[in-house]
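Since the structure comes first, as structure tokens, the remarks are kept for the end.
The values are calculated or read from the model by the stated rules, or taken from the named source; none is laboratory data. Please read these numbers as outputs of a predicted model, since none were measured by experiment. Positions of Cβ are generated from backbone atoms using ideal geometry, with glycine treated the same way; all protein chains shown enter the neighbour counts.
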Amino acid sequence: MSDFMTQLQGSFMMLANLDVQQFLLKGTLFTVGISVITILFSVVLGAILALVRNYCTQGPARLLRRIAIIYIELFRNTPLMLWVFAGFVLCPAPEFSKAMATALGFSSVVALKTLFKAIVSLTLFTSAVMAEIIRGGLNAVPKGQFEAAYSQGFGTVRTMERIVLPQAFRHIVPTMLSQMITTIKDSSYMASLVTVELMGCTKLLISKANNYNGTWVDRFDRGTIHVTDVFVLFGAAFLIYFVINFCLSCAVRTIKRRSEKGKAA
């Protein structure tokens, strides 16, 4: 029992190490950054897909609609991990300089290229989900809004830009925030390829826990990684994910309450 308590104490002492704290903070910032970038690009691509699927219903434009449907259904009905690995193998990456990689906090250009591929894969997957969310918002806009806009001399593009899309996005803000929560959790899939996001940093710390847990090292200079190291480090990652996503969940609930009050009024 005393050995276990010693190991547990050593595991918790890792969290007091400044290097470990900075490494986890770096992973957390990268996780949030990756998620924000993914959501921004996914909203743009998802909006295009939703508009094409909803309104390209006549003439040659129907081909674009079919392509959008295939894209959405393909990505929505297949595992994210499949696309992460497919992106790693098939997706081309731009040439990054060593100086750029270092400035962004990467150990090598290869690591930056790998992250680029992972973000592309996550964006392609998330945009398919986002397209259906945005399409739901578009369908919630009354058809009379189009007729009213056309009667005032608005063209199709201006109607979408000034009237339809703003109303659609107001309807789906809570759902989009919920999808961001999912994207933050989905970013942990990247830990299989890169070590910059939170889960990847946690796994790397576990593999090097013997450098921080203060346990005995034998004559072959081999450190020991304990089960308690795994529980403590993964527990820290769990708390970080929970705090971020709980804050977003609170924001979603607040927006929903305000929206319901506005409708009631």
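Screening the stretch 146-248 for helices (runs of 4 or more DSSP H) wholly inside it with 3 or more residues that are surrounded by 19 or more Cβ atoms within 10 Å (Cβ to Cβ) and modelled with pLDDT of 85 or more returns the ranges 165-186, 198-207.
For Val157, are the conditions met, namely being out of contact with any helix residue (DSSP H, G or I) (no Cβ under 9 Å at 6 or more places or on another chain) and among the β-branched types (Val, Ile, Thr)? So Val157 fits the description; yes.
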